[in-house]
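The values are calculated or read from the model by the stated rules, or taken from the named source; none is laboratory data. These figures come from a predicted structure and were not determined experimentally. Heads up, the Cβs are rebuilt from the backbone with ideal geometry, glycines too, and the neighbour counts pull from every protein chain shown. To get the accessible areas, we keep the full protein, side chains included, count just its heavy atoms, and leave off ligands, DNA and RNA. Shrake-Rupley method; radii C 1.70, N 1.55, O 1.52, S 1.80 Å.
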Amino acid sequence: MVKIAYFSGTGNTEFVAKKLAEKLKSNNKTVELEEIVLKNLKVISLKNINLLILLSPVHSFDLPWPVYSWVKKINDCLGLNTAIVLVSAGGFIPENSAAHLKLKHLLLKKGCNILYEDMVTMPLNCFSGMKEQEIKEILRNLPNKIDDIVDNLLKGKRKVLKPTFKGLILSKFSIFEKFFSKIFAKGYKVNDNCNLCGFCIKNCPTNNISIKNGKVHFGFNCALCLKCIYDCPQGAIIQRMFPFMIIKDGYKLENYLNKFGGDLNGKED
């Protein structure tokens, strides 16, 4: 049994996780897919799991804090073969190369056997986004990358990500990610388009959004996933403190896949 656990906000990491699952199933592997959310998080037993694959986006040279919260809850993992797959939005960024080290240390303390480490690149989902040609190139390379990861895992090939010097230095300041996410959360507000539908509350992976006194309220448990602002059906959520971090026209991976997906969607451009 292979267990794939992933944290995803804008859909990049979720897409990679599902493609890995599809490829493993096509190789006659039984796969259990789990999204990392903090709602009703309890002790997680991995007793019948032969391989654990953890996928996470990189945020500020670190991993989103819910990933660590999930790993702290796992049990029955002594000697468990484990793979760490980072998802780097915006292509290969050398500074992200050490983002997994804290997670690796935590897994080793749990007794996991870190068999494989890799990084997958996806389109940039913040700031000004990317040029269409860059997005097209990333998505066209993705099927080969998925095949490569699965083939290596099935063959038991070991792989270690080699951090760059700059990546190692920046990873030492990884506390910035969690600190900044708390500040970022307080920059959210809703405009008059909000109809209190509750969509953002239901889909927030950290239970950070609620309705108080007839108004949407954002707490301090934000994970910088951007899911609420990009997925709001009414386009009602805005970021008043850090608007430069949000793509003006939003981010929908599905739109890029429909336009440039090719092999990923089972069709040619």
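Convex hull volume of the C-alpha atoms in the chain, normalised per residue: 131 Å³.
Between residue 238 and residue 41, how high is the FRET efficiency from 1/(1 + (r/R0)^6) when r is the Cβ-Cβ distance and R₀ = 25 Å? Nearest 0.05. The pair residue 238/residue 41 has a calculated efficiency of 0.30. Applying a threshold of 28 Å to the alpha-carbon distances of 47/227; 42/159; 29/157 flags 47/227; 42/159 as lying beyond it. Here the dipole of the chain is about 940 debye; that uses its Cα centre as origin and unit charges on the Cβ of Lys and Arg (positive) and Asp and Glu (negative). When the Cα positions of 170, 196, 149 are compared along the charge dipole of segment 107-198, 170 comes out farthest toward the positive end, with charges on each C-beta of Lys, Arg, Asp and Glu.
When the chymotrypsin sites (Phe, Trp or Tyr not before Pro) in segment 214-261 are filtered for DSSP coil states and for at most 14 other beta-carbon atoms within 10 Å of their beta-carbon, the remaining sites are 220.
Protein heavy-atom accessible surface, 1.4 Å probe, per residue over segment 144-205: 64 Å². Extent of segment 176-229 along its three principal axes (Cα atoms, max minus min coordinate, largest first): 34, 18, 17 Å. Straight-line reach from residue 3: taking Cα to Cα under 19 Å and skipping same-chain neighbours fewer than 8 places apart, the aspartates and glutamates in range are 14, 22, 32, 34, 35, 76, 117, 118, 147, 148, 151.
Figure note: 65, 70 ranked by solvent-accessible area, largest first, 1.4 Å probe, ligands and nucleic acids not counted: 65, 70.
For the chain, the list of Cys residues with no other Cys C-beta under 4.7 Å reads 77, 112, 126, 194, 197, 204, 222, 225, 232.
Solvent-accessible area of segment 42-96 (1.4 angstrom probe, protein heavy atoms only): carbon and sulfur portion equals 52 percent.
Could you work out what % of the accessible surface of segment 187-269 is carbon and sulfur, using a 1.4 angstrom probe and leaving DNA, RNA and ligands out of the count? Its accessible area is 49 percent carbon and sulfur atoms. Label separation (residue 48 vs residue 72): 2.9 nm, computed from points 7 Å beyond Cα along the C-beta direction. Calculated over segment 143-252, the projected area of the Cα convex hull averaged across directions stands at 10.1 nm².
Across the chain, C-alpha contacts under 8 Å between residues 6 or more apart give a mean separation that, scaled by the residue count, equals a relative contact order of 20 percent. In the chain, the DSSP beta bridges split such that about 20 percent are antiparallel, to the nearest 5.
Beyond 28 Å in Cα-Cα separation lie the following of the pairs 25/104; 104/145; 18/186: 18/186.
In this structure the amide hydrogen of residue 74, modeled in the peptide plane, comes within under 5 Å of the amide hydrogens of 44, none closer than 5 places in sequence on its chain. The helix-based estimate of mean residue ellipticity at 222 nm for the chain, built from -39,500 (n - 2.57) per DSSP H run of four or more residues and divided by its residue count, is -10000 deg cm²/dmol to the nearest 500.
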